[in-house]
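The values are calculated or read from the model by the stated rules, or taken from the named source; none is laboratory data. The shown structure was predicted, so the numbers you read here are calculated from the model rather than taken from an experiment. Note that we place each Cβ from the backbone using ideal geometry, even for glycine, and neighbour counts take in every protein chain shown. When the accessible area is computed, the model is the full protein with side chains, heavy atoms only, and any ligands, DNA or RNA have been set aside. Shrake-Rupley method; radii C 1.70, N 1.55, O 1.52, S 1.80 Å.
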Amino acid sequence: MNFFKKCTLFWIAFLFFFSFFTHLAAADENRPGLSLKATFDLYVQAIHNSDLKSLFTTVTDGQDFFFLTSTGKLIDSREGYYTFHEDWFKETGWEMPVELLEVHEGKDYGYTVAKFYYKQRLPESGTYNLDSYFTLIFHKEDGMWKVVGDICTPIERYLIEKNPDLRYSADQTYLLDMIKTRRTVRRFKPTPVPQEHILKILDAARLAPTAGNQQPWKFLVIQDRARLDQLQKEAVSWYLEGYKIKRNPTEEQLSKLRTQLEEVVKNVLSAPVYVAVLVDSQAQYPDYILYDGSLAAGNLMIAARALGYGTGFFTTFFPEVKMKEFFGIPEQYRLICFTPIGVPYEWPDMPPKKSLDELVIFERF
Ligand SMILES: Cc1cc2nc3c(=O)[nH]c(=O)nc-3n(C[C@H](O)[C@H](O)[C@H](O)COP(=O)(O)O)c2cc1C
């Protein structure tokens, strides 16, 4: 190759690399004539690269500026916006995929609407996620599009936890545990239950769902020990009465059963507090009162568990007709259950429960 050809090739190569690198450098900076979409892309790229210098070539040089953050804070200066990004870019372990939804390029003003999916790895494990819309308002300054407004509209914040043990918050785990560890308790310690706890538990009961929001319930609270002792005697007699009619037992069988029953009913009635959950048959939707009452009883039992008390949905020893007579309950009320509230003598183990597999059908049988 002669000298002339060598020189020509050198200059071609030089010009190629020069233009390539200047193009690259220019790609990181805003410049006159860049479209609004290209300016938006530059803005997003600068965020992804945590590149403050490049980012701020897309932000106004003027004083009129506002930024509404994802937490509802107003930052109304370029300096404030700078500091926000400076602090943010010091953080590591985050990414923020962006999805551009709309671009409007007017003469002097324009805007973009995009969605971002911010993901921050947490120190322990898992990821904090914030999905938001963000709207950038651009103003043309010296032929360049510059951001003068940034509005963040959060859609959802959530945690994604890969470790199944850490997937739920402490509150979520606590509530689920209370449901899991609620037990029917049939023997209690005499430890008193403060009035405040009784009301707290009944407050949870009254918040249960009801048909048409009719709330047809009444909660009859019994704490009078003498009356409960009387009920104990009556309950044994009521049970034996029914048993005699149904089974026609011998005197010996009856006496043996009485002894057993006295022990069981004594234990069942050993709590300091009882609640008769009642529903009004004259409520607006009487067909649903038994469902309503059962849901209230369910809430009551879980709330009591959360405060450390055992309960029981007792029915057999406390027949409705007899109980209404015993407690002078007006005719119109139905008895849902008679439940103790008390500190368990001991927490029973969970009785066998059917597995989810046996019970759940997705979509169709
Ligand atoms: C409608 C209904 C009626 C019940 N009746 C009685 C009862 O008369 N006596 C009793 O000891 N337990 C009664 N129970 C409590 C169940 O025996 C108890 O919920 C079941 O054995 C499961 O135990 P767990 O509540 O500890 O999960 C009743 C529960 C329901 C829901």
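Assorted remarks:
- Only the Cβ atoms of Lys and Arg (+1) and of Asp and Glu (-1) were treated as charged; on that basis the dipole of the chain about its Cα centre amounts to roughly 1380 debye.
- Sequence of L220, L231, L356 when ordered by accessible area, the most exposed leading, probe 1.4 angstrom: L356, L220, L231
- All Cα pairs of the range 216-272, percent lying beyond 13 Å: 64
- Farthest toward positive dipole pole in the range 134-264 [+1 Lys/Arg, -1 Asp/Glu at C-beta], among N248, T259, P216: N248
- Judged by the mean number of other Cβ atoms found within 10 Å, the most tightly packed of the peptides 206-213, 108-115 leads the ranking 108-115, 206-213.
- Phi to ³J(HN,Hα) by Karplus 6.51 cos²θ - 1.76 cosθ + 1.60 over the range 124-129, Hz, x for Gly, Pro: 6, 6, x, 9, 8, 10
- Lys, Arg +1 and Asp, Glu -1 on Cβ, resulting dipole of the range 190-248 about Cα centre, debye, nearest 20: 280
- Overall dimensions of the range 261-300 by Cα: Rg and Dmax, Å: 14.2, 42
- The GluC sites (Glu not before Pro) found in the range 41-137 that occupy coil by DSSP, while having at most 13 further C-beta atoms within 10 Å, are E91, E124.
- Seen from E99, the other residues with C-beta closer than 12 Å to its C-beta sum to a net charge of -1, counting Lys and Arg as +1 and Asp and Glu as -1.
- Dipole of the chain, positive direction: furthest Cα of P330, I198, A170, with charges on the beta-carbon: P330
- When all alpha carbon pairs of the range 30-160 are counted in 5 Å bins from zero, the resulting P(r) reads 2, 11, 19, 24, 22, 12, 6, 2, 1, 0 %.
- Solvent-accessible area per residue, Å², over the range 278-330 with all protein chains present [probe radius 1.4 Å]: 47
- Summing Lys and Arg as +1 and Asp and Glu as -1 over all other residues whose Cβ lies under 13 Å from the Cβ of K53 gives a net charge of -4.
- Rg/Rh ratio calculated on Cα atoms of the range 284-365 (Kirkwood radius): 1.06
- Note on K53 and Q260: their simple-model spin labels are 8.9 nm apart, each label 7 Å out from Cα toward Cβ.
- In the chain, taking the dipole from charged Cβ atoms about the Cα centre, the farthest positive-side position among S355, Q282, A306 is held by S355.
- Measuring spread by the Cα atoms of the range 170-359 yields a radius of gyration and Dmax of 17.5, 57 Å.
- Backbone HN-Hα couplings from phi across the range 89-102 [Karplus 6.51/-1.76/1.60, Hz, Gly and Pro as x]: 5, 6, 6, 10, x, 10, 9, 8, x, 10, 10, 7, 9, 7
- Average projected area [Cα convex hull, the chain], square nanometres: 34.8
- Listed residues K324, K119, K107, most fluctuating in the chain (Gaussian network, C-alpha, under 10 Å): K107
- Calculated [θ] (222 nm, deg cm²/dmol) that DSSP helices of n ≥ 4 give over the chain, each run adding -39,500 (n - 2.57): -13000 deg cm²/dmol
- Counting only lysines at least 8 places from K354 when in the same chain, those with an alpha carbon closer than 18 Å to its own are K180.
- Exposure rank, largest accessible area first [F40, F317; 1.4 Å]: F317, F40
- Evaluated over the range 30-160, the count of Lys pairs having alpha-carbon atoms less than 22 Å apart is 16 (only pairs 8 or more residues apart or interchain).
- The per residue volume of the convex hull around the alpha-carbon atoms of the range 67-114 is 109 Å³.
- Backbone phi angles across the range 292-297, fed through the Karplus curve with coefficients 6.51, -1.76 and 1.60 (θ = phi - 60°), yield HN-Hα couplings of 4, x, 5, 5, 4, 4 Hz in residue order; Gly and Pro are listed as x.
- Eligible lysines near K256 by straight Cα distance, threshold 21 Å, same-chain separation 8 or greater: K233, K244, K246, K266
- The range 145-215 and the range 47-70: distance between their alpha carbon centers, rounded to Å: 41
- Length gained when the stretch K107-N129 is fully extended (0.36 nm per residue, less Cα-Cα span): 4.3 nm
- Zone residues, the range 300-335, relative to R206, backbone N less than 14 Å from point 7 Å out along Cα-to-Cβ: 300
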